[in-house]
Every structure is written in structure tokens, then in C-alpha cells.
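K.L.:
Got a structure for you, written out below as C-alpha cells; questions coming shortly.
What follows is calculated from the coordinates using simple rules that are stated; it is not laboratory data. Just so it is clear, the model here is predicted, and its values are computed rather than measured. Backbone-built Cβ (ideal geometry, glycine too); neighbour counts: all protein chains shown.
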Amino acid sequence: MTFFLQNLINALQWGSFYALIALGYSMVYSILMLFNFAHGDIFMVGAYIGFGVASGLLALSSHGALVLPSWLILVLTIIIAMFLTSLVGMTVERVAYRPLRNAPRASAAITGLMVGIILETGNLILLGAQRVSFPSLVSTATYNIQGVFVTNQKIMIVIVSLALSFALHQFVRHTKYGMAMRAMAFDYVVVPLMGVPLNRIAAMTFALGSALAAAAGILYGIAYPVLDPYMGILFGWKAFVAAILGGRGSVLGATLAGFLLGFIEIFVAMIFPSTLRDLIAYSIILLILVFRPHGFFGEPYSAQLRL
Amino acid sequence: MEMESKTERSRARILRVFFSSIPLLAWLIGVLVAVLCEKAVGLWVADAVGLPRIPVLFGILFMLKEPSLIPAALLYTTMIYIVPSCITARIVSPLANRAAELLLRVSVSLSVLVHLALLYSALHFWTDISDYRLIMVKLTLIAVIITLSLNVINGYMGEFSCSHPGFLALGAYTATVFNLVFFVNDRFFGPALAPPAWGPFFFPVGLVLGGLVAALGALMVAIPSFRTRGDYLAIISLAFMFIIKSFIENLEVVGGPRGLSRQPDYASLPVVFAWTSLCLWIINNFVRSTLGKALNAVRDDETAANSMTVNTRRTKMTAFLFAAFWAGVAGGLFAHVIRYVNPGMFGIQNLAEVLAMVYFGGLNSVYGSIVGAVGIQLLSEMLRPLEIFKWIIIPLLLILVMIFRPTGLIAFKEFVVEDLVKPKRKEV
């Protein structure tokens, strides 16, 4: 039982990353019907920006120029990195997706893929091939609750990711911009004719998604403090699967599917040899998709590829 | 000003008149002569212009590595390739025109065979110079098969499939295991079951087997995917790719993550060339057949196609399995060219490469697939001296192509062999 609970906590942490990344995928997919294959690399960029900001702030405070308590450094890092990464996301949208607004969707998917490669290579050129280690912003404290070991980092990661998902949900449900986004997801041909600015909403969608990915990147850096330029690839593709699993246009669905993917991966590794993880995890997902083709919360749709 | 532009125009006209009457046959003869020329005097010319050895890729590698060698490399390329091929082509063109007409009158297939033979001999002598060229040409030919087969799904059918690395892996492993079991004394699979001398003759059997296994895998994707339209296939095929990779990694019989090596050397240049030609012929006929037209109809409007008596689901399934078959064959060839496979080769990176080739060349077009595969393959070899910056330049190029020609360089163009091999009239 303790073994199970221990893995449950690990799975919650692992799922948090997927959930946060999947949200960005899901929003872009539901509003522009676009596979944003650069998103995994935005996650990587977010982690690196977080690394830069955190190192900078730590250096400032160790030199005594600006003495900040450590919790404030963490909060500032997350906020600044989210902001900067959202700028990166908006640039990607402007450069790689907006010129292709009227092109076949698959072409936009290819430009996304290529932007991803450019981001990885650019990072490699700028920072070199060695991995960088994320500075420890939170001093680890371990709590033993009847044999289950919980660290304060894990609790923080799960809480932050849940809070961000909830905030996004509220934003989409209760603000004017959120309403515009939902309308756009309903029909992105007619709704712009009603005076909703398509480009602004698209840019905002990318900014929000990238900010969440940056948060995921920093949380990942706190939990596993080794960053490398290719860390986003696998995360991105897996979160993409989670986003579709959640259903089109559903914040709740993407979050749940992200956590579910985390659970499946951790528990498969718990029961079977860990090399079988991908095999079994994706077979389960395949089965789910066979019975629920439109994901958990998605509505049946019949998309025509605009070719 | 006007005078200048006039002379320029007349110069362009002279060039056009000079080259417009040259049929493909003459060009091929010209290229063959240029290649023979390199074989005969290449070393001597390279020495004379100051290059350390015969440049393997038209001097591009030298130019990027050592900017001071640019004039020498350009001079070499002009003297060995451009001048001999253009002059020969021009000289033989009256004769070649007559020959092409004669051949075409006898039969189209004979004409095509003659052209292919010329192309093959040019490639043969070109690759004689270095092993690097040989392996590059083989991989490029295989890339053409892969790109064509993915184009059937992503271009002609208009779906977005991510499962091609999975099909390649299935084909590669099946063909490898077949050959290792029957024709090689291997420590994994024991002594050869058949005399190794038979091996090359049974190589096609292994490849076809690989293709069939890949098609069987495709059935796993197709049955659930084609119940509805939409982005369903993208996700299922992606999951399939992960599953196949992970499956092979866990299959200790075929070496797990370490992979398999010691493939026999059956995939020589003529074999790969023959398979590529065969694939081009069959796929081109497929997409021009009734089934291919039905496929296009399904892509453009599934409901309308359905009401026009197209059995949409069966059409999509057939095309998908067909494409997977060729991907499997290509995988088998690939394994025997590299003579080593491991599951890591068939991952996300492979997928990105294949997709780039298809969308760079052009959707819904056999020409496009050839251009895409050859273009990306050559480009990535030529830019090798730039090391990591290669991976900035190629993606940037592809983004530009997507922005200015969203469906690829040569999209929606029919590949008509008769037009390609027919004689050219003089344009006056």
C-alpha cells in the first residue's frame, strides 16, 4: 500500500509536466486546428530561460546587490520566465504560423517541426553541448507520512501545475478573451467576421500556451536539475498525444489526460520491467482512442483537411 | 539601357534555341560522357587546378571547408561536368531525337528501359570513384521510395500519417532476420539453413516479406483510424510508431536496443536502382489508376466521393496498406545498405526527415517526391562541412518553401513518362 501511494505521488508529479505542456497543445489545436510541433521545444526554451533567470537572480543576491528571500527568487523566476517564453511563443506564431494561415494545415505542422529543430540547434550553438544543471531554488525537505516519503518539491510542483490549470480554466470560462477563444474554437472562419481579431487571439493563445510550458520547464528543472537541448522532443510528442486524448477544446480534458499519461507511465514501470513502459502505455492509449475516438471531453467533429 | 536588355534577351534566346531541341536521351548521354570524362582525366584535372583529390560532390564540400579553393572547385566542375555534358548533349541531339522517336514508335517501355540503362551506367561510373558516393546514391534512391510511399498517404490521400518509421523498422527487421536465418552463419540464429550462394536470388523474397509485414502493421493502424475522418490517423499512427520502436527494443531475439548487424551485402547499386525504378513505375501507375483518382476524390470531399459510389473506407485502407508495403521494402533495402539496424534509427528524427522530404518536394506529385528526396538528401550531405549550422539552414529553407509554396516545390503535377522521353522539336 505504501508502495502504491509512493508511486501515486511520483505519478502526480510526472503527470504535472505532461498536463501543463498538453494544455498549450490543446489550446492551439482547438482554436487554429493546428499541430504545434514546436511546443515541446518551447518547453525546453522555457526551462533554459528559467535557468538563466534563476542563475542571474541568485548571482545578484549572493553579491549582495539585491538580497531576496529564496521563495521570492522562485516566484520571480517563474513569472519572468513565463513572460519571456510567451514572447518566444508569440514570435514563433508570427514567423512560422501566421504566414501559413491559409495554407494546408499539414504545411504549418511542418514549419512547426522545423522551428523546433532551429530552437534545439540554436540552443546548442549558444550554450554548447554540455548539459547545464538547474540551480536548486528550493531546499529539499522530506516528510515521512506513515512510510510514504513526500518532498516539499513534489507537493509544490503538483500544486503549482493544478493552480495554473485551474487559472487557465477560469480564464477561458469567465473572461472576454476566453469567450473569444471558445468562439474561435467553435468556428474560426465565421467568428473573425463578427469582429473578433483572429491574429490577436492566436498570438494570445500561443503566449498562454508557452507561458504554461515555461512553468512546466522550471518545475521540471527543479525536480530533475539536468537540462539538455533535446529534452523537449519526447516530452512534446507525448504531451501531444495527451492533448488529443483529452479532447478538442477542453482544458479539463487536457489536464486530466496529462495526469493519466503520467499515471500510466509510472505504474507500467512499477509493475513491468521499465523497458516495456512505452509499449504498454501507448497500447493502452490506442485502446482508449479506439473506444473514444474524440478523447475524453471532445465532441465528435468531422474536420476536412484544407488541402 | 534598352540596348543592353535587348542583347540580354537575344542572348537568352540563343541559349533557348541552343538547348531546347535536346531530348532527355541526349542529356543522359551527355551526363554519361561527363562521368566517363571524370573517370579518365578527373585525377589529372584535379591535380592541375590544385585540388587535393577528385571532389566527391561537385566540389561543394571543398568550397565550404576551404573558401580559397572555390575557384579551383568551380573550374573543375565546369571542365569536367558542365562543358562536356552540354557540348555532347548538343552534338548528339539530332541523332538522339531520331533515336528517341524510333524507340517511342517501337514501344514506350523499350524507350524507358534505354533511358534507365543510360542513367544507371552514368550512376555506375560516377559511384566508381568513391565508396562515399556509392552509399550516398543508394541512400538517395531508397529515400525516393520512402518519400513516394509517404506521399501516397499524406499527399494523394490527404491524411497526416506519422507511422512511416514504424513501417521502415518492420521491413528492415523482417528482411534482416530472413537473410540471417537462411543465408548467414550467425551466432544468434545459428547456421545458415540454405546455401549462402542462393542468398542474392532470394533477396527480393526477403524484401517482399518485409513489405508484407509492414502492411500487416499498417492494418493495425488502418482498422481503427479509418472509421472516421479527421486527425485521428495522426495520433494513432504516432502511437503506433512508439509501440513498434518499443516492441523491437524489448525483443531480445533480434538484439533489443543493440540492434542487428552482419547483413549480407546483397543491396548492390543495380539491385537498389532496380527496386527504385520498379517502385516508381508501380506507384505512378497506382496514383493514375481509377483507385488513385478515387483516392484524390476522397481527399477533396469524402461525402461527395461516397455519393459517387467510391467505397471510401476500402479505398483509404488499400492505399494505406500499399504505401506501408513500399515503406517496408525500403526499410529492408536500407538495412542491407547500412548493414546494421537498431530501433533508435526509427524514431522521431527519422519521422521529421521523411516528412521534410515529402513536403519540400511537393504533395500529390511523383516529380515532387523525387525532387524532395534527392534535394534534401543532397543538401544534407553537401552542407556537412557546416556541421551544426546545417540544422539551422535546412529547417529555414523548408520554412521558406512552406511560406511561399505551401504544398511544396512541385505539387499536383502528373508524372507522364511519354512526355519525358519523347523527342524535342526545334523551337524557332
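K.L.:
Can you compute the helix-only [θ] at 222 nm over the protein assembly as shown? Use -39500 (n - 2.57) per DSSP H run of at least 4 residues, normalise by all residues, nearest 500 deg cm²/dmol.
P.N.:
-24000 deg cm²/dmol
K.L.:
Using the membrane-span-like helix rule (whole DSSP H runs, Cα extent along the own axis of at least 27 Å, mean Kyte-Doolittle hydropathy at least 0.5), which helices of chain B qualify?
P.N.:
Those that pass (Cα extent of 27 Å or more, hydropathy at least 0.5) are B:24-49, B:83-106, B:108-128, B:131-151, B:164-183, B:199-225, B:269-288, B:312-338.
K.L.:
Taking Cα centroids, how far is region A:273-298 from region A:41-112 in Å?
P.N.:
Comparing the Cα centres of region A:273-298 and region A:41-112, I get a distance of 31 Å.
K.L.:
Need one word for region A:82-237: rounded, prolate or oblate. Basis is the Cα gyration tensor (sqrt eigenvalues a ≥ b ≥ c); a/c below 1.5 gives rounded, then a/b vs b/c decides.
P.N.:
oblate
K.L.:
While we're here: Would you tell me the mean number of C-beta atoms belonging to other protein chains that fall within 10 Å of each C-beta in A:117-125, as a whole number?
P.N.:
Taking all residues of A:117-125 together, the mean is 4.
K.L.:
What list do you get for B:Val106, A:Val172, A:Val28, A:Val191 if you sort them by fewest beta carbons within 10 Å?
P.N.:
Exposure proxy ranking, most exposed first: B:Val106, A:Val191, A:Val172, A:Val28.
K.L.:
If you take every residue apart from A:Leu124 with its C-beta less than 13 Å away from the C-beta of A:Leu124, what net charge results, scoring Lys and Arg +1 and Asp and Glu -1?
P.N.:
Result for the local shell: -2.
K.L.:
Under 16 Å from the Cα of B:Lys39, which aspartates and glutamates turn up, not counting those fewer than eight places away in the same chain?
P.N.:
B:Asp47, B:Asp128, B:Asp131
K.L.:
Please list, ordered by chain and number, the residues whose modelled amide H lies under 5 Å from the amide H of B:Asn311; skip anything fewer than 5 residues away on the same chain.
P.N.:
It is none; the list stays empty.
K.L.:
What is the distance in Å between the Cα centroid of region B:241-315 and that of region B:159-207?
P.N.:
Result: 17 Å between the Cα centres.
K.L.:
Between region A:160-181 and region B:379-407, what is the C-alpha centre distance in whole Å?
P.N.:
38 Å
K.L.:
Which entries in the list B:Lys138/B:Lys413; B:Lys65/B:Lys424; A:Lys154/A:Lys238; B:Lys316/B:Lys390; B:Lys138/B:Lys245; B:Lys65/B:Lys413 go over 29 Å, if you measure between the two C-alpha atoms of each?
P.N.:
Those over the limit are B:Lys65/B:Lys424; B:Lys316/B:Lys390; B:Lys65/B:Lys413.
K.L.:
For chain A, what is the charge dipole size about the Cα centre, in debye to the nearest 20, if Lys and Arg each add +1 at the Cβ and Asp and Glu each add -1 at the Cβ?
P.N.:
580 debye
K.L.:
Provide, for q = 0.08 Å⁻¹, the log10 of I(q)/I(0) from a solvent-free Debye sum over equal Cα point scatterers in region B:131-420.
P.N.:
-0.33
K.L.:
Please report the projected area of the protein assembly as shown's Cα convex hull averaged over all directions, in nm².
P.N.:
40.7 nm²
K.L.:
On average, how many beta carbons from a partner chain sit within 10 Å of the beta carbon of a residue in A:33-46?
P.N.:
Average per residue, whole number: 1.
K.L.:
Determine the equivalent ellipsoid of region B:269-344 by diagonalising the alpha-carbon gyration tensor, then write out the semi-axes as square roots of 5 times the eigenvalues, largest first, rounded to whole Å.
P.N.:
Listed largest to smallest, the semi-axes of region B:269-344 are 32, 15, 7 Å.
K.L.:
To continue, here is another question. With no solvent and one point on each alpha carbon, what is the Debye value of log10 I(q)/I(0) for region B:2-107 at q = 0.11, 0.15, 0.20 Å⁻¹?
P.N.:
-0.49, -0.77, -0.96
K.L.:
How large are Rg and Dmax for region B:346-386 when only the alpha carbon atoms are used, in Å?
P.N.:
Rg and Dmax of region B:346-386, Cα atoms, are 10.7, 33 Å.
K.L.:
Something else about it: In terms of the Cα gyration tensor, with a ≥ b ≥ c the square roots of its eigenvalues, is chain A rounded because a/c is under 1.5, prolate because a/b exceeds b/c, or oblate?
P.N.:
oblate
K.L.:
Also: Across the residues of B:238-251, average count of Cβ atoms on other protein chains within 10 Å?
P.N.:
5
K.L.:
Once you have a ≥ b ≥ c as the square roots of the Cα gyration tensor eigenvalues for region A:198-307, tell me rounded if a/c is under 1.5, and otherwise prolate or oblate according to whether a/b is larger than b/c.
P.N.:
Verdict is oblate for region A:198-307.
K.L.:
Hey, another quick one. Run the simple label-point estimate for A:Ile159 and A:Met179 please: 7 Å along Cα→C-beta, distance reported in nm.
P.N.:
The two pseudo-label positions are separated by 3.4 nm.
K.L.:
Quick one: among A:Arg182, A:Arg200, A:Arg94, which has the greatest mean-square fluctuation in a GNM of chain A with alpha-carbon springs under 10 angstrom?
P.N.:
A:Arg200
K.L.:
Okay, moving on. Out of B:Ile146, A:Ala216, A:Leu66, whose Cα points farthest toward the positive end of the dipole of the protein assembly as shown (charges: +1 Lys, Arg; -1 Asp, Glu; placed on Cβ)?
P.N.:
B:Ile146
K.L.:
Starting from the coordinates of the alpha-carbon atoms of region B:152-278, obtain the Kirkwood hydrodynamic radius over all distinct pairs and give the value in Å to one decimal.
P.N.:
Final number for the Kirkwood radius of region B:152-278 is 16.1 Å.
K.L.:
Still on this model: In what order do B:Asp128, A:Asp228 fall by count of nearby beta-carbon atoms within 10 Å, going from fewest to most?
P.N.:
In increasing order of surrounding Cβ atoms, one gets B:Asp128, A:Asp228.
K.L.:
A further question on this structure: Between B:Lys245, B:Lys413, B:Lys316, where does the largest GNM mean-square fluctuation fall for chain B, given springs only between Cα atoms within less than 10 Å?
P.N.:
B:Lys413
K.L.:
I'd like to know how region B:197-355 sits against the 2.2 N^0.38 Å rule of thumb: what's its Cα Rg over that expected value?
P.N.:
1.16
K.L.:
Find, among the trypsin sites (Lys or Arg not before Pro) in region B:99-205, those assigned to loop by DSSP (not H, G, I, E, B) with at most 15 other beta-carbon atoms within 10 angstrom.
P.N.:
B:Arg187
K.L.:
Still on this structure, please answer the following. Please check: in the Gaussian network model of chain B (C-alpha springs, under 10 Å), which one of B:Pro165, B:Pro257, B:Pro195 has the largest mean-square fluctuation.
P.N.:
In this elastic network of chain B, the residue with the biggest mean-square fluctuation among B:Pro165, B:Pro257, B:Pro195 is B:Pro195.
K.L.:
For region B:370-428, what number results from the quotient of the Cα radius of gyration and 2.2 N^0.38 Å?
P.N.:
For region B:370-428, the normalised Cα radius of gyration is 1.58.
K.L.:
Just rank B:Leu180, B:Leu118, B:Leu238, fewest to most, by other beta-carbon atoms within 10 angstrom.
P.N.:
Fewest to most other Cβ atoms nearby, the residues stand as B:Leu118, B:Leu180, B:Leu238.
K.L.:
Also, I was wondering about something else. If you look at just the Cα atoms of region A:1-157, how large are its Rg and its Dmax in Å?
P.N.:
Looking at region A:1-157, its Cα Rg and Dmax stand at 19.0, 58 Å.
K.L.:
Could you work out the longest stretch of chain B that avoids the GluC sites (Glu not before Pro) located in DSSP loops with at most 15 other Cβ atoms within 10 Å?
P.N.:
So the longest stretch without any such site is B:1-413.
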